[in-house]
Structures are given as C-alpha cells and as structure tokens.
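To start, the structure itself, in structure tokens.
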Amino acid sequence: SYTSDTKSRGENKKTIESLYRLSVDIKKIRGLKEWVLLRDVAYVTEIAGILQEMGADETAVANILERCPEAILHTPAEVNSQRALWQLVCQNEKQLIKLIEQFPESFFTIEYHENQKANIVFFQELGLKNNIITRFLTSAPNIFYNPVEKNRNVIETLQRNYLNLGGSDANMKIWILKLLSQNPFILLNTSTAIQENFEFLQKNDFTDHEVLQLLSKLKGFIFQLTPTTMQKSMFFSKNVFKCSDQELKQLVLKCPALLYYSVPVLEERLEGLLKEGISVAQIRETPMVLELTTQIVQYRIKKLSALGYDIKSGTLESLNGTKKDFEVNYGKIQSKKERPIFNPVAPLNIED
C-alpha cells in the first residue's frame, strides 16, 4: 500500500521504497514536506548510513528523517562536511547525534556551510566555550548564516560603546560573553540599529553608568527594540504615573520592563491590575509588578486572598518576582498565619 498512487502524485518511487525500508512514516512526510518526495534525486540510504555510523539506531534515524525529510536531498559529502564542522564544538559523536536527534533542521541547514565555519572559529576566538556555541547552533542557528564580518561588526560596536560608557578593558570580555550567552539574537541586528539604541538612552539623560545598568538588567534584549518603541513606552508610563522626566528615569531603572514592553502590553497589564482593585500609586511604588502577565497576577492574588492577605491595602512586593520568589513569600505569609501564639507558662505535654 505504501507505493499506491505514487505515480499520480509524481512521487519518486525509489525514495518511497528506501524510506519504507527504514520504517519511516511516509504519511508524516506527505503531510509535512511532500515536495521532498517529488525530487528526482535523493540520498536516503546514504544519509541513513551516515547517521547510523554516528550511533543513531533505527528508531532515531526514522525520527530524524520524519522531522527533517529534506536531509535526504543533501549529498553524503555535504552531510559529512557538516558533521566535521559540528565536531569542532561537540565533545564526541555521541553528543553530536543527540543534538541532531533534537534539532535536525539546524544540522541539515547546510546552505551556509562556509559562513557557519567562519562564525564557529570567530566565536571560539572571542572566548565562547564550545558548549555555548553548540547551544547557539541548535537554538539560534540564524546567527551562523550571517557573514562573519557582520557578526564581527556588531561585537565591535558593543565593545566600543561599553568602553565609551566607562566599562573597563578588563571586564569587557566577560561582559560581551555574558551578553551573548543570554541573548545571541543580538547578532541579528545591524551595528547601526545597536548604535541608535545607545544614543537614544543617552539623549534621554541616562548617565553612562545607568545605561550599562540597563543593558545588564535587560540582558541584551534592549537591542531588539527601536528608539520609536522605547519612546512610546516611556511616554505611556509618564502619562500613567504622572511623573517628571527624572522620576520616570528612576522608575525605568527600577523596572526596565517599562522600556522593554510595548504600549499595548503595558496597557493590558495595567488594566488587569486596576481591575483587581490595585491603585496606580501602588503600581508606581512597585512597578516591577508590570513584568508579570495578567494571568500570573490574578493567580497570585487569589492564592494570597485565600490566606486573608488583602493586596489592596498592603504592598505589592508579595506579588513580585519569579515563581520561586513568590512561593518563598507565600510560604512566609502562610507560616506566619498558622503559627500558634506561644504561651511561656502553659504546661508542656511530654509523653513518656
């Protein structure tokens, strides 16, 4: 049945048969990327052989080809070149095949082989550890498709600005590596766009030290913004909190989310808080609460209310932070409520 109506579809019978022998689910490929099956030339057996050579079992090979069928359109020479390239940063073939199983699309995108190679060498020279580079290859493969000169320009712009803002030569390497590890997508920006963001912050009277502070707090995500969106967000916050430029600056330093989130996001979160009976004054006091989604805020308020904690009259600090932070705060409030009042003169019940 697996070869039925292949002619009417114009599918390559030899490809279908080879995949079938490898226990690949042909229906999945038809649903995902049928065009692969229509190609005159495919290297099913050869690519499966290379994967098996690296340690993939039959199930893993089938899984890889179902998820990334275009793998069979690459020549064995191309795939072996890619294999050698990824081995520059993988500890061994066992780790490599594990990565291919998890991220087949990243591995089999080999049109940018030369750029990938040059960028791997550049990142190694920069001081990034191989485990970080493998993480980039799988989770942010686009940054390797750039010509290495583009990535180098972006890094040089960041380094130059870091020094201009008063950062030290000694700390610069650590700063750059940390920034890249937190957000490799910085490299998808142009050096001009990055420069414009630095200038925007300076024009808005943030001191050099404050700009550096914002950069580390926003983990490089500031470079995914534009001066226009940042301006709109700041203008929105200024109107909501009815504050001066100086006060606004302090609020942004306290809560960089006011700069990072777009106006519609800030608006929705603000409305969600006001609906819960929280005042603008309370939010201004603890702006970090705007970092949380409306659903998270509602869930946390509900949990605290069940303990008899009135969020409207208290501080919003107990709502703040990560899930872990909240659980710790919640635990403290709960134990305070449950703790019995100790009577020093009450007789102790001691069982023999």
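The values are calculated or read from the model by the stated rules, or taken from the named source; none is laboratory data. All of these numbers come straight from a predicted model, not from anything done at the bench. Cβ coordinates were reconstructed from backbone atoms using ideal geometry, including for glycine residues, and neighbour counts include every protein chain displayed. We work out accessible area using only protein heavy atoms, side chains counted, and drop any ligands, DNA or RNA first. Shrake-Rupley method; radii C 1.70, N 1.55, O 1.52, S 1.80 Å.
Remarks
- Per-region count, the range 295-322, residues surrounded by fewer than 16 Cβ atoms within 10 Å (Cβ to Cβ) and not in a helix (DSSP H, G or I): 8
- Test: residue in the range 270-281 that is free of Cβ contacts under 8 Å to residues at least 60 places away in the same chain and within 28 Å of ARG160 (Cα to Cα): no
For every residue, the table says whether it meets (1) closer than 22 Å to LYS217 by Cα; (2) in contact with a strand residue (DSSP E or B) (Cβ under 7 Å, 6 or more places away or on another chain); (3) of a type in the set (S, T, N, Q); (4) modelled with pLDDT of 90 or more.
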position	(1), (2), (3), (4)
GLU276	no, no, no, no
ALA281	no, no, no, yes
ALA306	no, no, no, no
GLY314	no, no, no, no
SER318	yes, no, yes, no
ASP325	yes, no, no, no
LYS332	no, no, no, no
SER335	no, no, yes, no
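- The residues of the range 289-310 that are within 28 Å of the chain's Cα centre (by Cα) and either more than 20 Å from GLY331 (Cβ to Cβ) or not hydrophobic (A, V, I, L, M, F, W, C) (or both), listed by number, are LEU290, GLU291, THR293, THR294, GLN295, GLN298, TYR299, ARG300.
- Taking the range 195-223 as the range and being farther than 18 Å from ILE155 by Cα, assigned to a helix (DSSP H, G or I) and aromatic (Phe, Trp, Tyr) as the test, only PHE200 passes.
- Failed criterion for GLY166 (all others in (1) in a helix (DSSP H, G or I); (2) open to solvent by 10 Å² or more (accessible area, probe 1.4 Å) hold): (1)
- Residues that are open to solvent by less than 50 Å² (accessible area, probe 1.4 Å) and at negative phi, drawn from the range 259-279: LEU259, VAL263, VAL265, LEU266, ARG269, LEU270, GLY272, LEU273, ILE278, SER279
- Residue that is surrounded by 19 or more Cβ atoms within 10 Å (Cβ to Cβ), of a type outside the set (Gly, Ala, Ser) and at pLDDT 95 or above, where the choices are PRO104, PRO76, PRO147: PRO104
- Top-ranked residue of the range 224-245 - restricted to ones that are of a type in the set (S, T, N, Q) and assigned to a helix (DSSP H, G or I), ranked as farthest from VAL289 (Cα to Cα): THR228
- Whichever residue in the range 73-120 is among the acidic types (Asp, Glu) and in contact with a helix residue (DSSP H, G or I) (Cβ under 8 Å, 6 or more places away or on another chain) and, among such residues, is farthest from PRO141 (Cα to Cα): GLU78
- Candidates ARG83, ARG67, ARG39, filtered to the one that is open to solvent by 80 Å² or more (accessible area, probe 1.4 Å), free of Cβ contacts under 8 Å to residues at least 40 places away in the same chain and within 30 Å of LEU187 (Cα to Cα): ARG67
- Any hit, the range 119-126, residues being in contact (Cβ under 8 Å) with a residue 24 or more places away in the chain, outside any helix (DSSP H, G or I) and open to solvent by less than 10 Å² (accessible area, probe 1.4 Å): no
- Boolean, GLY31 is of a type in the set (Gly, Ala, Ser), at pLDDT below 95 and either open to solvent by less than 90 Å² (accessible area, probe 1.4 Å) or part of a helix (DSSP H, G or I) (or both): yes
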